[in-house]
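Asks: Mind having a look at this structure? Questions to follow.
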Amino acid sequence: MQRNSALLGIFLIALGGLFLLVQLGFQISMEFVWPLFILIPGILFHLAYFAGWIRSAGLLIPGGILTTYGILFYYCIIFGWETMAYMWPFFIMGVAIGLLEFGLADQRQPGVLIAAGIIGIIGLLNFLISVMMGAFSYILAVLFILVGIWLLMRR
């Protein structure tokens, strides 16, 4: 019971601090605040496990996912939401990170690490493709044309 009250206490301190900043005149837009409702629980899951309040490694799965998504949303707030055009694979990577953390903490299930690796590779490949398609789409188009011409000329 003390563990749950410690988590609730940390959450209430953070929430109270945020409200206090608003009352003191700091201009905090909702665009900056809403990702905290994703990021803070992710950090609290990690804190609960690593501080020993709750010894279930299963906390690391949602902790990894929520923390990754919270960081992703702050990245988009800072650099613009148009960056989501190539950052979307981090939704896949969040699952891989959560599973990887769980697999490293609870080594009795090696299949979890394999699943995390496969999902991580899928996410990474999608990220590389989306970056390449956005920034290098002209180069890729020319490369396809040149390879096609080479294949035809080879005959």
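Asks: How high is the relative contact order of the chain, in percent, with contacts defined as C-alpha pairs under 8 Å that are six or more residues apart? Provide the component values of the computation, followed by the final result.
Replies: Numbers: 141 pairs, mean separation 26.9, N = 155.
Across the chain, relative contact order equals 17 percent.
Asks: Gain in length, Trp88 to Leu24, computed as 0.36 nm per residue apart minus the alpha-carbon separation, to one decimal in nm? Please report the intermediate quantities before stating the final value.
Replies: Numbers: separation 64, 0.36 × 64 = 23.04 nm, distance 3.63 nm.
Separation in residues times 0.36 nm, less the Cα-Cα distance, equals 19.4 nm.
Asks: Determine the sum of side-chain charges near Gly64: Lys and Arg each +1, Asp and Glu each -1, restricted to other residues whose C-beta is under 14 angstrom from that of Gly64.
Replies: Once all neighbours under 14 Å are counted, the net charge is -2.
Asks: Tell me, what is the percent relative contact order of segment 89-146, built from C-alpha pairs under 8 Å that lie six or more residues apart?
Replies: 37
Asks: Can you give me the relative contact order of segment 1-81 as a percent, contacts being Cα pairs under 8 Å and 6 or more apart?
Replies: Taking the mean separation of contacting Cα pairs over the length of segment 1-81, I get 31 percent.
Asks: Which value, in Å², gives the accessible area per residue of segment 53-131 when a 1.4 Å probe is used on the protein heavy atoms?
Replies: Counting only protein heavy atoms, the per-residue value for segment 53-131 is 53 Å².
Asks: Also, quick follow-up: Using the Karplus equation 6.51 cos²θ - 1.76 cosθ + 1.60 (θ = phi - 60°), what ³J(HN,Hα) coupling, rounded to whole Hz, does each residue of segment 52-64 give in order, writing x for Gly and Pro?
Replies: x, 5, 10, 8, 8, 5, x, 5, 6, 5, x, x, x
Asks: Mind running the shape call on segment 97-155? Use the C-alpha gyration tensor, a ≥ b ≥ c as the square roots of the eigenvalues: rounded below 1.5 for a/c, prolate if a/b tops b/c, oblate otherwise.
Replies: Oblate, since a/c reaches 1.5 and b/c is not below a/b.
Asks: Test of the criteria: in segment 12-51, which chymotrypsin sites (Phe, Trp or Tyr not before Pro) are in a DSSP loop and have at most 12 other Cβ atoms within 10 angstrom of their Cβ?
Replies: Sparse-neighbourhood loop chymotrypsin sites (Phe, Trp or Tyr not before Pro): Phe26.
Asks: State the answer as a single residue: which of Leu66, Leu104, Phe26 lies farthest towards the positive end of the charge dipole of the chain, with beta carbon charges of +1 for Lys and Arg and -1 for Asp and Glu, about the Cα centre.
Replies: Of Leu66, Leu104, Phe26, it is Leu104.
Asks: Determine the shape class of the chain: with a ≥ b ≥ c the square roots of the Cα gyration tensor eigenvalues, call it rounded for a/c under 1.5, and otherwise prolate if a/b is greater than b/c, oblate otherwise.
Replies: Numbers: a/c = 7.12, a/b = 1.64, b/c = 4.35.
Because a/c hits 1.5 or more and a/b fails to exceed b/c, the chain counts as oblate.
The values are calculated or read from the model by the stated rules, or taken from the named source; none is laboratory data. Being a predicted model, the structure only gives us computed values, none of them experimental. Neighbour counts are summed over all protein chains in view; Cβ atoms, including those assigned to glycine, are modelled from backbone coordinates with ideal geometry. Ligands, DNA and RNA are stripped out before the accessible areas are found, and what is left, the full protein with its side chains, is counted by its heavy atoms. Shrake-Rupley method; radii C 1.70, N 1.55, O 1.52, S 1.80 Å.
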